[in-house]
Structures are given as C-alpha cells and as structure tokens.
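S.K.: This structure is in structure tokens; I'll ask about it shortly.
The values are calculated or read from the model by the stated rules, or taken from the named source; none is laboratory data. A quick note: this is a predicted structure, and the numbers were derived from the prediction, not measured. No Cβ is skipped: glycine too gets one built from the backbone with ideal geometry, and neighbour counts run over all protein chains shown. Each accessible area value is taken on the protein alone, full model and side chains, heavy atoms only, with ligands, DNA and RNA left out. Shrake-Rupley method; radii C 1.70, N 1.55, O 1.52, S 1.80 Å.
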Amino acid sequence: MSDRRPLIAGNWKMNCLRDDGLALASGLASKLSGASERPECDILLCPPATLLADVVGVLGHCDIHAGGQDCHFDKSGAHTGDIAASMLSDIGATHVILGHSERRADHGESSTVIRQKIIAAHSAGLTAVVCVGETEQERDLGAAIAVVCGQMDVSLPEDATAENTVIAYEPVWAIGTGRTAAVADVEEMHAAIRRKLKERFADAEAFRILYGGSVKPSNAAELLAVENVDGALVGGASLKVEDFWGIISACK
C-alpha cells in the first residue's frame with residue numbers, strides 16, 4: 001500500500017462568474033467543515049484567474065488549496081494578458097496547472113515552453129501540476145506510452161521533486177468527452193510514468209500521479225484503486241459541489 005496521500009484537484013477551466021464561483025468554493029468549504037470524518041486526500045481548486053483571489057479568501061484556513069491554471073515563464077515584463085508565477089503565490093495560490101492539453105493545442109505550447117514555466121513555478125514556491133497525455137490517433141498508432149514519456153523527458157526540469165511537482169495523466173480523447181480510459185490502460189500508463197520518473201529522480205516513488213479524463217463519482221472509486229493512481233484531476237465534475245465531493249469521498 002502506498003504512503004502517497006491522494007490529491008483531488010478541480011480544474012474549473014473557463015467557467016464560473018463571480019457569484020457562481022464563490023458559491024462553489026463556499027459549498028465545498030462547508031462540506032469539509034461539516035464532514036464527520038476528514039477526507040483521506042488533499043484537495044485543490046483551480047478557478048479562472050479572475051476568481052483566484054476571491055476563492056483563496058473563501059477557503060481561508062479550511063485546508064483546501066487553491067491554484068492557477070497557467071503562468072508565464074518570465075518573472076515580469078511586457079506580456080499582455082499573462083500572469084507570472086509570483087503573482088499567483090502573492091495572492092495565496094499554492095499550485096499551478098501546467099502543460100494541459102488544451103494549452104498545448106489551443107496555444108501551441110511545446111514541452112520546452114512548459115519546462116520553462118515549471119521552473120518559474122518552482123522559483124515562486126508553487127507546486128506544478130504537470131499534465132501529459134496522448135491523442136486518440138497516437139493511442140491508435142500504439143504510441144501512447146512513447147508520447148507521454150517523451151513529454152515528461154522534455155517538460156520536467158532537473159529540480160523537480162515529489163514536493164514541488166505532481167504528474168497528471170490525461171488522455172486527450174477522454175477530456176470532457178464522457179469517455180474514460182479502461183482501467184487496464186490507466187494502470188499500464190501510470191506504471192510507465194512511474195518507471196520514467198525512476199530513470200531521473202531519486203524520490204520517484206514519492207511523486208503523485210493523478211488520472212484525469214471524465215472522472216466522476218460513479219467511476220472515481222474504481223480509478224483511485226488502480227496502482228500508481230494517486231488522485232484525480234477533475235474537470236466538469238468539479239463544477240458541482242455534490243459531484244466533486246463524491247469524488248473526494250471515494251478516496252479510501
């Protein structure tokens with residue numbers, strides 16, 4: 001049995017105006033404070049940047065972390081519309097999601113750029129939640145493991161540790177589609193990710209590896225029971241208090 005404490009992270013993506021976001025954060029904080037038993041996991045919320053400071057304020061000292069959805073690799077400068085890692089930590093964020101497939105696809109972010117962002121996040125004291133994953137075509141070609149391990153090779157800097165880095169495996173074809181990878185495929189990929197970590201990092205066994213891709217209350221327990229699955233990166237289900245709490249409660 002692993003000693004790694006699971007992490008359940010909610011990626012709100014480009015959703016929620018202020019009232020809805022505050023209600024969602026407040027609802028989760030109330031669930032936690034009213035729980036008869038403390039959840040057996042760490043909890044992270046990653047709202048849009050416009051809501052991050054407010055969410056940090058709502059969460060207060062209720063033991064739910066808050067994080068950003070992206071950051072720039074420079075500390076400051078002429079980067080209109082971008083946010084520095086130090087700006088996230090300055091308002092109370094502890095984590096930042098980097099390398100999400102939607103950033104890679106929609107914004108053309110390469111693994112080299114993601115590596116620079118991870119270094120910046122670490123310098124600002126943030127834990128980087130580093131996303132890796134293959135497309136459906138890459139899986140059909142039998143290249144899924146090679147693609148994911150290749151992303152890790154380039155993206156992860158030498159200063160990555162189990163304390164400042166979390167890996168999130170999200171098969172691109174399962175994000176927001178309702179499709180979930182077969183348990184056997186998840187187990188195979190997470191084992192491959194662990195092996196890749198062992199090639200480079202002395203504390204490889206301590207790294208948490210999350211699964212993401214249409215995780216919901218009905219399949220969370222099965223996925224979280226898979227070896228080397230140390231939590232979940234949750235999209236749509238994180239936008240409903242009861243659904244997200246159901247996933248948190250599946251951590252046993």
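S.K.: Give the number of residues within the range 173-205 that are hydrophobic (A, V, I, L, M, F, W, C), open to solvent by less than 50 Å² (accessible area, probe 1.4 Å), within 26 Å of Asp3 (Cβ to Cβ) and out of contact with any helix residue (DSSP H, G or I) (no Cβ under 7 Å at 6 or more places or on another chain).
M.R.: 2
S.K.: Further question: If we keep just the residues of the range 84-109 that are without any contact (Cβ under 8 Å) to a residue 12 or more places away in the chain and assigned to a loop (DSSP other than H, G, I, E, B), which is least open to solvent (accessible area, probe 1.4 Å)?
M.R.: Ranking the qualifying residues of the range 84-109, first place goes to Glu109.
S.K.: Show the residue pairs meeting these rules: Cβ distance below 7 Å; 6+ apart or different chains; first residue within the range 236-247 and of a type in the set (S, T, N, Q); second residue open to solvent by less than 50 Å² (accessible area, probe 1.4 Å) and in a helix (DSSP H, G or I).
M.R.: Ser238/Phe244
S.K.: Moving on. Output the residue which, of all residues in the range 4-37 that are free of Cβ contacts under 8 Å to residues at least 24 places away in the same chain and open to solvent by 40 Å² or more (accessible area, probe 1.4 Å), is farthest from Leu98 (Cα to Cα).
M.R.: Filtering first and then ranking leaves Ser36.
S.K.: Now for a different question. With the range 123-226 as the region, which helices (runs of 4 or more DSSP H) entirely inside it contain at least 1 residues that are small (Gly, Ala, Ser)?
M.R.: In the range 123-226, the matching helices (runs of 4 or more DSSP H) lie at 144-155, 183-200, 217-224.
S.K.: Another question about this same structure. Looking at the range 135-150, which of its residues are touching a Gly at 6+ places or on another chain (Cβ under 7 Å) and among the basic types (Lys, Arg)?
M.R.: Step one: list which residues in the range 135-150 are touching a Gly at 6+ places or on another chain (Cβ under 7 Å), which gives 148.
Answer for the range 135-150, where residues must be touching a Gly at 6+ places or on another chain (Cβ under 7 Å) and among the basic types (Lys, Arg): there is none.
S.K.: Kindly indicate whether Leu52 is within 24 Å of Ile114 (Cβ to Cβ), part of a helix (DSSP H, G or I) and either open to solvent by less than 50 Å² (accessible area, probe 1.4 Å) or among the β-branched types (Val, Ile, Thr) (or both).
M.R.: Here the answer is yes, as Leu52 does meet what is asked.
S.K.: Could you list, in sequence order, the residues of the range 1-30 that are of a type outside the set (A, V, I, L, M) and more than 18 Å from Gly236 (Cβ to Cβ)? Working first, answer last.
M.R.: Let us first name the residues in the range 1-30 that are of a type outside the set (A, V, I, L, M), namely 2-6, 10-13, 15-16, 18-21, 26-27, 30.
Ser2, Asp3, Arg4, Arg5, Pro6, Arg18, Asp19, Ser26, Ser30 - these are the residues of the range 1-30 that are of a type outside the set (A, V, I, L, M) and more than 18 Å from Gly236 (Cβ to Cβ).
S.K.: Applying the selection to the range 1-53, what residues are β-branched (Val, Ile, Thr) and more than 18 Å from the chain's Cα centre (by Cα)?
M.R.: Result: Thr50, single match.
S.K.: Tally up the residues in the range 227-251 that are assigned to a helix (DSSP H, G or I) and open to solvent by less than 40 Å² (accessible area, probe 1.4 Å), please. Break it down into steps so the answer makes sense when it comes.
M.R.: Step one: of the range 227-251, the residues assigned to a helix (DSSP H, G or I) are 236-239, 241-249.
Going one step further and asking which of them are open to solvent by less than 40 Å² (accessible area, probe 1.4 Å), we end up with 237-238, 241, 244-248.
Qualifying residue count, the range 227-251: 8.
S.K.: Open to solvent by less than 70 Å² (accessible area, probe 1.4 Å), in a helix (DSSP H, G or I) and modelled with pLDDT of 95 or more: does that describe Ile43?
M.R.: Against the criterion (open to solvent by less than 70 Å² (accessible area, probe 1.4 Å), in a helix (DSSP H, G or I) and modelled with pLDDT of 95 or more), Ile43 does not qualify.
S.K.: Can you tell me which residues in the range 58-81 are open to solvent by 10 Å² or more (accessible area, probe 1.4 Å) and touching a residue at least 12 places away in the same chain (Cβ under 8 Å)?
M.R.: Hits for the range 58-81 are Val58, Gly60, Cys62, Asp63, Ile64, His65, Gln69, Asp70, His72, Phe73, Asp74, Lys75.
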